[in-house]
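Visitor: Below you will find the structure I want to go over with you.
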Amino acid sequence: MGEAQRTLAGDGELGDAEPIRRINTDSVVRAKDDPRVRSVLAQWSACMEKHGHRYRDPWQAMNDKAFGGPTASPREIAVAKADVICKRRTNVVGTWYAVDAAFQRQALAAGGDRLERIKEHKREQLAAADKALAGTG
């Protein structure tokens, strides 16, 4: 790991990734509370109920304590199949992704010079990685 850090950053640091992690975490939380996402989650839940499964959201289904065994039970398989069907019908993944990405774009645009410096620093590190890889080829 030390060798990789020296190759990418020389004597410097790899960079402050915390602002980027915070943007990612905040956007997920904001998206979950967004009315568009709440709407598709409610549609997903109603679809699941039509298939005989009561869950308020995909995480509740995913974390169902009944599904902790070494092999999938017939019920677990049925829930998984219904989950896929309902996610496709309601476009949970597409909607959540679009809302999350929009919040991330807003945060990045508002980040100003600090995020631009992080971005430039990452570009420099990628260039160093490319150069190092080219020397090994």
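The values are calculated or read from the model by the stated rules, or taken from the named source; none is laboratory data. Because the structure is predicted, anything quoted here is derived from the model rather than measured. Cβ: placed from backbone, ideal geometry, glycine included. Neighbour counts: every protein chain shown. In case anyone asks, the SASA skips ligands and DNA or RNA and just uses the protein heavy atoms, side chains included. Shrake-Rupley method; radii C 1.70, N 1.55, O 1.52, S 1.80 Å.
Visitor: Give the Rg (one decimal place) followed by the Dmax (whole number) of the chain, computed from C-alpha coordinates and expressed in Å.
Guide: 21.3, 60
Visitor: Turning to a different aspect of this structure: What is the extension gain from A109 to R75, computed as 0.36 nm multiplied by their sequence separation minus the C-alpha to C-alpha distance, in nm to one decimal?
Guide: That pair, A109 and R75, stretches by 7.7 nm at full extension.
Visitor: Keeping the other protein chains in place, figure out the carbon and sulfur percent of the accessible area of the range 65-137, with a 1.4 Å probe.
Guide: 59
Visitor: Next question. Run the simple label-point estimate for E116 and N24 please: 7 Å along Cα→C-beta, distance reported in nm.
Guide: For the pair E116/N24, the computed spacing is 2.4 nm.
Visitor: Turning to a different aspect of this structure: Taking a 1.4 Å probe, which of W59, W44, W96 shows the most accessible area, and what order do the others take after it? If you can, show how the numbers build up before the last one.
Guide: Numbers: W59 90, W44 0, W96 35 Å².
The ordering from most to least exposed comes out as W59, W96, W44.
Visitor: If the viscosity is 1.002 mPa s and the temperature 20 °C, what translational diffusion coefficient in µm²/s does Stokes-Einstein give for the range 30-76 when Rh comes from Kirkwood over Cα pairs?
Guide: 181
Visitor: Rounded to the nearest 500 deg cm²/dmol, what is the calculated helix-only ellipticity per residue at 222 nm for the chain, with -39500 (n - 2.57) per DSSP H run of length n ≥ 4?
Guide: -25500 deg cm²/dmol
Visitor: Let me ask something else. So what is the accessible area of the range 10-129 per residue, in Å², with the probe set to 1.4 Å?
Guide: Per residue, the range 10-129 has an accessible area of 68 Å².
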